Amino acid sequence: MRRNNLVRFSTGLLLLAAAALVVPACGGGGSSGGRNSKDLVLLKFLLVDQNLKNIGGTGTTNAFRDTRILFVFNTKVNPVSANARTIRIGIPTGGGLFLAATGRFETVEGHPNWIVFNPTVSENGVPNPFGLDANALYEVDIPAVGDADKLVENARKRPIVKSFSAQFQTSDQYLQNFVQPELLSTDPYDGQTDVPSNADIVLNFTAPMKPDSFKLGSSFIVRNLSIDRDVLGTLRFSTDAKTVTFRPVFGYGKGPFDIFVRVTTDVTNLPGNKIPKEVRFTFTTMYDPTAPSFDDITENFDSNTYEDTSFQNVFPLAAWNKGVTSGFLAGVFFSGTITIQPSSNSYAWSPWCFTTATQWQGMWQSSEIGSARTITGFDWYKWCYTSNTVSGVTIKMGHTQTGTLTTNFTGNYSDTPVTVVNSTNYSISNAPSFNWIAGPKFTGNFKYNGSDNIIMEINHNGASVAWTSGTFTRMGLWRVMATDPLTRSAFTAPTGYPGGSPQTRNWHYWARFYYLVSQSEAQSKWYDTG
């Protein structure tokens, strides 16, 4: 196994002992040029690991963030001349500018013509374990005579005679070393008492840790056992990423409290190796009368008088469905009465409508509904020309994971329908058909989960009317749209209806719905109860 001995030059560069290290004869690209022994020429450009093993070259698209860059010249290099001005490495930003990569240029012991760029340490020797930026395009440029005033030189201080350029792209990964990181110490330590009420929790590891793997409340948990509540806080990492510090935002309270810390095996070092076992320890805070006291406050309101409904939007109409919004509706009319007056113009055909069936269900697919949101109400498209009053109406809404409905109404739901509408009477005056009409007011909101399909179910306690020459003696409240690709509705049919009852059809109602935008959603808050 090779070992690299680090020796500092007075120039600020490092010497790397590289006995038996051999640069491969191919891979990575480079430049030719004059071969006069007095001239400096770049022979090879390689991406290498910490042991200087070749792992890529120009054009590489998945370079590790901690990869080194090796430059092989034809003759001994003046190490002072190899720096960020003479060998430019960075992310292009346009206009010939770029963000310079953090790192240090080093030489290799036994190979005076080799220069290595190490991105895991800064120019002044400060560790930088994160290395290069993730998923970034890097450009490497070495100017030659006539291109810049500062150039890489050989030992005789003769500048490089031919310029060089290359590009490579990083991934978000690090070189895998298959060595699991271990916890060295914690502060406070397990069982410690009289810990300050606002003390940081500090964990020291043997290797640089990956910040994204530390997730508060999941892989890194701090809980106040005395009051059975998680402690709010923030995480920060040391420069070398080996030390992780948790700082409680509000402290732990007046105390004394028993604080439990758990770090799961989901936390990893930069190459992705997990810690070998969970970390668990407990400490006790001291009594601090000056510490703020925080409690959970439950906000219960007995009136919606001052509810903010100013941030409502109409859900965008679905173009595929003739401009009809597929819907969000939930709730129950508690034995409510719906009354609608006749339209002022005639209808084109007699639609099927729920007033002729005692039970009806319709389904809307999640792809038509959109993301999770809070629904506050709806409009419906009127289709009626006769006066009509229907009593005992209930409207329910719930989620479903099925693609089509069956005549087993109850079995279509994947959850318990919720109640959002509470109205004992709902009346619409004379209005034209083919017109959007405001639906009954919601007294509660329906929270759509954003992934399942939706069922709307309508029931009423009136008798099912007879089928008469293809028309109904009662006209519906909503217009029925047909035909859809799926069997979207199930219903009990009126007496004499062809095919009997119950049935399924590829029909649905024409409706559009209202939802809250993010500004009006209620958020939980913290209050100082001290």
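The values are calculated or read from the model by the stated rules, or taken from the named source; none is laboratory data. Computed from a predicted structure; not experimentally measured. Here Cβ is always computed from backbone atoms with ideal geometry, including for glycine, and neighbour counts include all displayed protein chains. Note: areas computed on protein heavy atoms with side chains; ligands, DNA, RNA excluded. Shrake-Rupley method; radii C 1.70, N 1.55, O 1.52, S 1.80 Å.
Values as computed for the structure displayed
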| read-out | value |
| --- | --- |
| Rounded accessible area of residue 245 (nearest 10 Å², 1.4 Å probe) | 20 |
| Probe 1.4 Å - accessible area at residue 455, Å² to nearest ten | 0 |
| Extension gain, residue 438 back to residue 236 (0.36 nm per residue minus Cα-Cα distance, nm) | 67.5 nm |
| Label-point separation, residue 277 to residue 177 (7 Å along Cα→Cβ), nm | 2.3 |
| Residues of the range 108-246: accessible area per residue with a 1.4 Å probe, Å² | 50 |
| FRET E, pair residue 506, residue 80, Förster distance 56 Å, beta-carbon r, rounded to 0.05 | 0.10 |
| Percent carbon-and-sulfur accessible area, the range 35-130, ignoring ligands, DNA and RNA, probe 1.4 Å | 49 |
| Sequence of 104, 280 from largest to smallest accessible area, 1.4 Å probe | 280, 104 |
| Long-range HN-HN contacts of residue 55 with modeled amide H, under 5 Å | 47, 48, 49 |
| Spatially proximal lysines relative to residue 447 (Cα-Cα < 24 Å; intrachain offsets below 8 disregarded) | 396, 525 |
| For residue 246, net neighbour charge (Lys/Arg +1, Asp/Glu -1) across residues whose Cβ lies under 14 Å away | +2 |
| Filter on 76/242; 254/277; 53/210; 215/254; 157/242 - keep pairs with C-alpha separation over 30 Å | 76/242; 254/277; 157/242 |
| Pairwise label distance in nanometres, residue 288 with residue 262, each label 7 Å out on the Cα-Cβ vector | 2.5 |
| Approximate spin-label separation residue 486-residue 221, in nm, with each point projected 7 Å along Cα-to-Cβ | 3.7 |
| Backbone HN-Hα couplings from phi across the range 274-285 [Karplus 6.51/-1.76/1.60, Hz, Gly and Pro as x] | 7, 5, x, 8, 5, 9, 9, 7, 10, 9, 10, 7 |
| Probe 1.4 Å - accessible area at residue 399, Å² to nearest ten | 10 |
| Estimated dipole of the range 28-129 in Debye, rounded to 20 [Cβ of Lys and Arg +1, of Asp and Glu -1, Cα centre] | 220 |
